[in-house]
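Below is one structure, written out as structure tokens; the observations come after it.
The values are calculated or read from the model by the stated rules, or taken from the named source; none is laboratory data. Predicted model only: the values in this text are computed from it and were never measured. We place every Cβ from the backbone using ideal geometry, glycine too, and count neighbours over all the protein chains shown.
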Amino acid sequence: MNSDTDTGAKAGTAIVFPGMGPTRFADVAAFMRDDPGARRLFERAGDALGYSPVERFRDSGDDYTEAAQVAFMVNCLALAEWAERELGVEPEVCAGPSFGGKAATAYSGALSFEDAVRTTAALARCTAGYFAREHTDIVTHSFVRVPEPRLKELLAELDEHDEWYDLSCRVDHDFHMLSLRERRVEWLQGRVRSMGGLSLYTMRPPMHSAAFEPLRRLAAREVLDGLDFADPRLPVVDDHDGTVLTTGDGVRTMLLDGFVRALRWPDVVDTLRGLGVARLCVAGQDSLFGRVPVTTRNFTVVPVNPRVVAAPRPGSRPASSSPSRPVSQPVSRPVRPSGA
């Protein structure tokens with residue numbers, strides 16, 4: 001396994017911040033309003049941005065607006081605090097596939113909460129502006145039930161027709177996301193169906209392709225330049241290859257590589273298993289990473305989302321306005337990952 005460093009110890013619990021999916025304001029409004037930790041974090045986020053992300057998210061008509069992205073990230077962090085406070089979760093390593101890397105950056109202490117909020121908003125604007133001008137004919141299509149041998153057949157057919165594509169995500173052994181030209185999506189859906197697979201959804205803008213190197217450079221120059229990335233107090237597992245990151249520069253590179261490198265969730269799973277992780281706390285609204293077989297076969301999954309928070313629990317303690325560990329404050333427990 002690759003690593004920035006190797007401490008030779010084992011971790012039992014990991015916290016995972018999921019990638020962002022479509023999120024309705026109504027699904028999270030009660031949590032943002034009623035949870036004291038969420039209220040506190042959203043107040044800090046509003047101070048950092050100069051506007052209320054809650055109000056803008058409520059009034060926005062798009063699932064992926066700047067405010068929606070900020071709200072998703074802040075909710076993930078508030079849910080992680082809730083898990084510490086109410087469930088006694090004490091993670092020793094964290095991961096954030098795709099969009100979740102932003103929350104992992106803040107939770108690990110590589111960026112302050114305020115910097116992470118401003119970075120999330122600025123990256124949203126930078127990405128939207130870039131794809132409004134460039135690669136307007138490229139989308140990312142996700143599909144499942146197509147194992148690796150059949151995937152190779154599909155990609156060989158695209159090669160035969162000299163069609164551009166890039167494999168953007170490997171979520172499980174038979175779950176993939178492929179970036180390609182939009183005019184080929186109908187063909188792809190038909191081929192997936194003929195192989196016994198199931199097409200899920202098509203995303204615009206696309207994601208995770210080497211073709212977007214100009215966007216990576218733009219984000220580095222206009223968003224991350226001048227930011228001080230600290231060495232994370234909690235190691236972060238890189239979602240592209242499973243490397244364990246223990247330096248600020250490593251986390252910064254991971255964020256930028258999200259534009260150009262494929263997400264490889266099975267590699268993250270392998271690393272976590274190698275670290276001795278047995279339990280994953282998935283903090284955020286997740287319909288993917290905590291549910292796919294490669295995850296559920298290998299870990300006990302503890303989902304922490306607004307529905308879980310709202311559900312009564314026998315013997316639960318009243319919510320406290322003082323979370324056990326505010327975001328971007330020192331971690332008192334020891335960090336004991338080996339390398340990956």
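Given 306, 326, which one is at pLDDT below 50 and of a type outside the set (Phe, Trp, Tyr)?
On the way: 306 fails: at pLDDT below 50.
From the options 306, 326, the qualifying one is 326.
Kindly provide the set of residues from segment 2-43 that are in contact with a strand residue (DSSP E or B) (Cβ under 8 Å, 6 or more places away or on another chain), surrounded by 17 or more Cβ atoms within 10 Å (Cβ to Cβ) and modelled with pLDDT under 85, ordered by number.
Those that are in contact with a strand residue (DSSP E or B) (Cβ under 8 Å, 6 or more places away or on another chain), surrounded by 17 or more Cβ atoms within 10 Å (Cβ to Cβ) and modelled with pLDDT under 85: 3, 4, 11.
Is it the case that segment 282-300 has a residue that's among the charged types (D, E, K, R) and more than 17 Å from residue 175 (Cα to Cα)?
The initial filter retains those residues of segment 282-300 that are among the charged types (D, E, K, R), namely 286, 291, 297.
Keeping just the survivors that are more than 17 Å from residue 175 (Cα to Cα) gives none.
Taking every residue of segment 282-300 in turn, none turns out to be among the charged types (D, E, K, R) and more than 17 Å from residue 175 (Cα to Cα).
Count, please, the residues in segment 241-251 that happen to be surrounded by 20 or more Cβ atoms within 10 Å (Cβ to Cβ) and on the phi < 0 side of the Ramachandran plot.
Filtering segment 241-251 for residues surrounded by 20 or more Cβ atoms within 10 Å (Cβ to Cβ) gives 242-246, 250-251.
From the residues that got through so far, the ones that are on the phi < 0 side of the Ramachandran plot too are 243-246, 250-251.
Going through segment 241-251 one residue at a time, the tally reaches 6.
When the residues of segment 80-122 are filtered to those that are within 14 Å of the chain's Cα centre (by Cα) and among the aliphatic types (A, V, I, L, M), which remaining residue is farthest from residue 311 (Cα to Cα)?
We begin by selecting, within segment 80-122, every residue within 14 Å of the chain's Cα centre (by Cα); these are 80, 94-108, 116, 120.
Imposing the further condition that a residue be among the aliphatic types (A, V, I, L, M) reduces the set to 80, 95, 103-104, 106, 116.
Values: 80: 16, 95: 26, 103: 24, 104: 26, 106: 27, 116: 30 Å.
Top of the filtered list is 116.
Between a first residue in segment 186-197 that is within 10 Å of residue 143 (Cα to Cα) and a second residue that is in a loop (DSSP other than H, G, I, E, B) and at pLDDT 95 or above, which pairs have beta carbons less than 8 Å apart while being 6 or more apart in sequence or on different chains?
Final answer for the pair search is 192/146; 197/145; 197/146; 197/174.
Any chance you could count how many residues in segment 116-159 are among the acidic types (Asp, Glu) and assigned to a helix (DSSP H, G or I)?
Our first condition is that a residue be among the acidic types (Asp, Glu); within segment 116-159, this holds for 134, 137, 148, 153, 157, 159.
Those still in the list that are assigned to a helix (DSSP H, G or I) too: 148, 153, 157, 159.
Residues in segment 116-159 being among the acidic types (Asp, Glu) and assigned to a helix (DSSP H, G or I): 4 in total.
Given the criterion in the same structural domain as residue 254 (by TED's automatic domain parsing) and out of contact with any Lys or Arg (no Cβ under 9 Å at 6 or more places or on another chain), identify the matching residue among 166, 225, 239. Outline the logic, then answer.
Values: 166 fails: in the same structural domain as residue 254 (by TED's automatic domain parsing); 239 fails: out of contact with any Lys or Arg (no Cβ under 9 Å at 6 or more places or on another chain).
Within the list 166, 225, 239, the selection yields 225.
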